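The next block holds one structure in the form of structure tokens; read it before the comments.
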Amino acid sequence: MEIDVRAGLERLAERLGGAGATLTEAGRLSGGASMETWAFGFEGKGGPESLILRRRSVPFDPETARSVSLATEAALIQATGANGARAPKVRHVCDDADGLGEAYVMVRVGGETLGRKITSDPRFDAIRPDLARQCGEVLVPIHATVPPAGLTLKVSDAQGELDRYWDSYVMSGAQRPILELAFQYLRRHMPEPVEPILLHGDFRNGNIMFDPEIGVAAVLDWELAHIGDPAEDMGWICTNSWRFGRPDRPVGGFGEYADLLAGYAAAGGRPIELSRVRFWQMLGSLRWGVMCLGMYLSWRDGITKSVERPMIGRRVSETEADLVVLLEEGL
Amino acid sequence: MITHPKTEELAESVRLWIDEIRPTLDPRNAFLARVAANAMATIARELTQGPAAEAAAVAGMAGVLGHEGGFADLNAELCERIRSGELTRETPGLLAALTVMARDQIAIDQPSYRPEGTPAPR
């Protein structure tokens, strides 16, 4: 059933802003395959409000989904925010009365999320040298948050992640010697087990709202949150596919490893060794390579039709070009 | 193969046409059109650079495996012998061969990509 989002937003304006509140703006910002983001605003009893609606456009299957439900996502944003994390403010979690399906509303945060702007736009030249340290700092209250009782979160360590991506790779039927060698190498260099904690799960340049004056404004896109190794969040933001043309700056294309690690430790995080981050970074490239294969398969198998999918399949070779260098360098 | 036009020229002409009509499209279709234009460019590069890349890959894999063969067979055997643990990062010549293969493939798929280890742009 097609949902009329605009009509739903008008109802939300009245519900949140009081009787007579009307929409002053509404527009779709971006579309992932299964998630929609809308910016909207209204003039209510308490004054004007600028908000973001995040809603799932295809039904959620908790059995097969890698992501958490939007209600869980909202609960995690609130819990980490209460613990001092730079997370958006949740304004409302939608229910049946809203007629918008699975969705929640958050307060709009100003800033920039486009990765290439963060790495290259002169507006960020002044703040850029601080960003890696800030990224280390902002991870600490996320990692220190005790997930609210009753939430279902997946638990996965290095072995679990490696096994999961191996299964996906084997099932794809692809034969890629560089990916094979990366799997073999990582299996032989597993980090020591560590106390598992709450992770953002998709902590990378592109999912962080940056402000040219203050730096990190908010950490967004919490759908892959899970319980695991804290170094996973650090390795992912160091994965070259998210450095947006600046491989010479290992953290997100804007900063240095030492600053990320120092920021984390200075904010009270348990110190993490660089080799551990490098393990997860390499696993990050492998993860993205296997994900790209999966996106191609969803097209081949007729699940999605967009021309975007087979082209993403051709991005496997970017991860191979990164992996051969990482294999040469070692952890 | 006929040469007037060559297949890669057909692909290039479609790419140029897509770029021409892109400004007339709504944002979603403009984005997809850009992806489609990139796909045509990849096809053109594969047609022109693919044969040399495949020949280099075959030579590299044959060197590591110690015998001749076609691309698909050598590639499958290489994967199998890495998977079994027989070939490793330390195997002489393996990483060098894989590095050539990766470099040639990214030059076809995404020549603007700057892999790990690329120095800062000047």
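Summary table
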item: Residue count, region A:26-36 (criterion: farther than 17 Å from residue A:4 by Cβ and assigned to a strand (DSSP E or B)); result: 3
item: Residues satisfying the stated conditions in region A:172-186, i.e. of a type outside the set (Gly, Ala, Ser) and more than 25 Å from the chain's Cα centre (by Cα); result: A:175, A:176, A:177, A:178, A:180, A:181, A:184, A:185
item: Complete set of residues in region B:42-67 that are closer than 20 Å to residue B:8 by Cβ, small (Gly, Ala, Ser) and surrounded by fewer than 18 Cβ atoms within 10 Å (Cβ to Cβ); result: B:50, B:52, B:55, B:56
item: Helices (runs of 4 or more DSSP H) enclosed by region A:172-273 - at least 1 residues per element that are over 17 Å from residue A:318 (Cβ atoms) and among the basic types (Lys, Arg); result: A:177-187
item: Answer residue from region B:68-122, given it is among the polar types (S, T, N, Q) and surrounded by 11 or more Cβ atoms within 10 Å (Cβ to Cβ) and is farthest from residue A:163 (Cα to Cα) among those; result: B:118
item: Single residue of A:70, A:100, A:76 found to be farther than 27 Å from residue A:288 by Cα, surrounded by 19 or more Cβ atoms within 10 Å (Cβ to Cβ), aliphatic (A, V, I, L, M) and in the same structural domain as residue A:9 (by TED's automatic domain parsing); result: A:100
item: Residues that are within 12 Å of chain B (Cβ to nearest Cβ) and among the hydrophobic types (A, V, I, L, M, F, W, C), drawn from region A:300-331; result: A:307, A:311, A:312, A:316, A:321, A:323, A:324, A:325, A:326, A:327, A:331
item: Selected residue [under 20 Å from residue A:191 (Cα atoms) and within 11 Å of chain B (Cβ to nearest Cβ)] from A:241, A:275, A:285; result: A:285
item: Condition met for residue B:118 (outside any loop (DSSP other than H, G, I, E, B) and either within 7 Å of chain A (Cβ to nearest Cβ) or under 24 Å from residue B:55 (Cβ atoms) (or both)); result: no
item: Sole exception among (1) in a helix (DSSP H, G or I); (2) of a type in the set (S, T, N, Q); (3) surrounded by fewer than 21 Cβ atoms within 10 Å (Cβ to Cβ) for residue A:317, by number; result: (3)
item: Answer from B:85, B:63 - the residue that is farther than 21 Å from residue A:170 by Cα and either touching a Gly at 6+ places or on another chain (Cβ under 8 Å) or at the interface with chain A (Cβ under 8 Å from one of its Cβ atoms) (or both); result: B:63
item: Number of the condition not met by residue B:39 [criteria: (1) at the interface with chain A (Cβ under 10 Å from one of its Cβ atoms); (2) under 30 Å from residue A:27 (Cα atoms); (3) more than 13 Å from the chain's Cα centre (by Cα); (4) not aromatic (Phe, Trp, Tyr)]; result: (3)
item: Within region A:103-126, considering residues that are of a type in the set (Ser, Thr, Tyr) and in contact with a Leu (Cβ under 9 Å, 6 or more places away or on another chain), the one surrounded by the most Cβ atoms within 10 Å (Cβ to Cβ); result: A:104
item: Check on residue A:246, buried (at least 22 other Cβ atoms within 10 Å of the Cβ), more than 10 Å from chain B (Cβ to nearest Cβ) and basic (Lys, Arg); result: no
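The values are calculated or read from the model by the stated rules, or taken from the named source; none is laboratory data. On a predicted model such as this, the values are computed, not experimentally measured, just so you know. Heads up, the Cβs are rebuilt from the backbone with ideal geometry, glycines too, and the neighbour counts pull from every protein chain shown.
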